[in-house]
Amino acid sequence: MGTDLVKFRSMALTLALVLALPGSLVLAQPAPPVDDNVEPNVVPNIERATDANGDAQGFGPNMVEVAGYRDPLIRLNRAVFAFNDVSYRYVLIPAARTYLNVTPDPVKKGIGNFFYNLRTPIYALNHLFQGKPDQTARDLGRFLVNTTVGIAGIFDPAESWLDMERQVTSAGDTMARYGVGYGAYLVLPFIGSSNLRNAGGMLLEMPLNSIEYLLDNPESTAVRVFDNFQLYAPVIQSYTDITAESEDPYIFMRNLHIQGIQRDAAYAAQERAEAE
């Protein structure tokens, strides 16, 4: 059953990409630049962003209006968004509140450290492909220290003792590094706001997760689901607050996501310019 679930998740993501790609290649357009003075979005793998439609006025605070933004997957996205909205409000948000309120802070921190450490080889590989060998070495150093001295990554002596800070990245970031555009806005089940580039990156990273090699199914599937849950639990609680005053929560969340892409792109461009 666990194996079937993993296959279903991969097939569902692949099918979404296959169905979405033709229309997005024709209709999607790159987002226009934003003010370089805007602080970049640096939340790992949780992009909140914006690019609004011409009718985006009044959808909420801190909106950036960009006339004529094309959303070729809007029908599919709205259907998934409606499913997510119900799931968030009645299942995931109550579960996240319970987890955060009941679990002691040291336990939550240890769990977060453990799962981050398991993902570290993926970050190292992406940093290598991004042309950052020094950061790759630091990632691998963190992984070695925390896996041994940190007791399987439950503790983080690499940061607390050696000042080796975390640097989160993804296959989506790697593709962006080589000029791959985000393609089109895409809403994924449970995960929420994403885009074709990041969804493709998630698909590439699935077989690289070490949990798949440490546990058999269905245990590995359950652990990966819990990993995603504990990662997003502190964030998902804000969903109802940030959409409460929006006339169209879908447009509002889409705009937040695309603005984040713009901010990250501006920040990366600024970093490259400073390095030259």
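Derivation of every value follows stated rules applied to the coordinates shown; laboratory data play no part. Just so it is clear, the structure is predicted and the values come from calculations on it, not from any experiment. Note that each Cβ is placed from the backbone with ideal geometry, even for glycine, and that neighbours are counted across all protein chains shown.
Summary table below
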read-out	value
Other-chain or far-sequence residues with amide H under 5 Å of TYR185's (modelled H)	none
Using θ = phi - 60° and Karplus 6.51 cos²θ - 1.76 cosθ + 1.60, couplings along region 98-115 (whole Hz; Gly, Pro as x)	4, 4, 6, 7, 8, 7, x, 4, x, 5, 4, 5, x, 5, x, 4, 4, 6
Efficiency of FRET from Cβ geometry, GLU276 and TYR99, R₀ 35 Å, rounded to 0.05	0.15
Calculated from backbone phi, Karplus (6.51, -1.76, 1.60) coupling profile of region 147-161 in Hz, x at Gly/Pro	5, 9, 5, x, 6, 6, x, 5, 10, 10, x, 4, 8, 6, 9
Over region 133-276, relative contact order from alpha-carbon pairs under 8 Å, at least 6 apart, %	13 percent
Relative contact order (%) - criterion: Cα under 8 Å, at least six apart; region: region 171-222	32 percent
Label point distance in nm, LEU162-SER238, each placed 7 Å from Cα along Cα→Cβ	3.1 nm
Equivalent-ellipsoid semi-axes of region 158-276, from the Cα gyration tensor, Å, largest first	25, 23, 17
Karplus-derived HN-Hα couplings along region 122-136 (A = 6.51, B = -1.76, C = 1.60, θ = phi - 60°), whole Hz, x at Gly and Pro	5, 4, 4, 5, 5, 5, 5, 5, 7, x, 10, x, 5, 5, 4
